[in-house]
């Protein structure tokens, strides 16, 4: 009778669990909250790409201004002494020195290093720490599938990778678009905008997958960092070597 009474109150579940579409989003938001608690580390890792983006944006703006025969206001304008000296020294060589396409490609390659630092630091301990502390047992006790778990962790890593790679590229391309005379950057180098963004997205995706794979193989964050940097830097060195041997920069920047 007791068993029958229990069955009347607690009916056995005969259906199938339906995954909540927001499970991965909730895990992503929780991961970002944990990462943002260490503000000093976040500042130290984000400050270099932010400063580099500001400086390079000014370089692109100044290059277009000098190409048009004007001296940027930040250099004192045409009337300032500094502006006159800078204009005299740079105006004649502005067309050759600008080379916006190659500059943006070089800038993006440099930003890839900062993106790798962000991805490695914030992604190396995600799965490893969960395994070491047993947090994944608590997570999977909830209606959370493996796909949602991996996707939530991937979104955390990809967010920081995008801040170091995709966001600076968009900012620089935007500055070049509005600083160029008669929208010449869009008309002549418009393909560079979407190609650089697509390549940055592919870089973030591949590096995020790499660091999560490394994190899943160990229970210690330093070990995952070592594996990530070893593979990423090794592949970068091979690409640089092939670019030098074949005289083809496409090994490092296939969209150039």
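The values are calculated or read from the model by the stated rules, or taken from the named source; none is laboratory data. Being a predicted model, the structure only gives us computed values, none of them experimental. Backbone-built Cβ (ideal geometry, glycine too); neighbour counts: all protein chains shown.
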Pick from 109, 139: which is out of contact with any helix residue (DSSP H, G or I) (no Cβ under 7 Å at 6 or more places or on another chain) and surrounded by fewer than 22 Cβ atoms within 10 Å (Cβ to Cβ)?
109
Pairs under 6 Å by beta carbon, first residue more than 16 Å from residue 127 (Cα to Cα) in the stretch 22-38, partner part of a helix (DSSP H, G or I), six or more apart or different chains?
23/148
Take the stretch 205-220 and flag every residue that is over 13 Å from residue 153 (Cβ atoms) and surrounded by fewer than 20 Cβ atoms within 10 Å (Cβ to Cβ).
205, 206, 217, 218, 219, 220
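I'd like to verify a number: residues in the stretch 118-134 that are in contact with a helix residue (DSSP H, G or I) (Cβ under 7 Å, 6 or more places away or on another chain) and more than 18 Å from residue 202 (Cα to Cα), how many?
Keep residues of the stretch 118-134 that are in contact with a helix residue (DSSP H, G or I) (Cβ under 7 Å, 6 or more places away or on another chain), which gives 118-130.
Pick out the ones that are also more than 18 Å from residue 202 (Cα to Cα) and you get 121-122, 124-130.
Of the residues in that region, 9 qualify.
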When you scan the stretch 123-195 for helices (runs of 4 or more DSSP H) that lie fully inside it, which ones turn up with 1 or more residues that are touching a residue at least 24 places away in the same chain (Cβ under 8 Å) and farther than 30 Å from residue 214 by Cβ?
166-179
With criteria (1) in contact with a helix residue (DSSP H, G or I) (Cβ under 9 Å, 6 or more places away or on another chain); (2) closer than 28 Å to residue 193 by Cα; (3) modelled with pLDDT of 85 or more; (4) exposed (fewer than 12 other Cβ atoms within 10 Å of the Cβ), residue 36 comes up short on (2)
Does any residue of the stretch 226-236 turn out to be part of a helix (DSSP H, G or I) and more than 20 Å from residue 161 (Cβ to Cβ)?
no
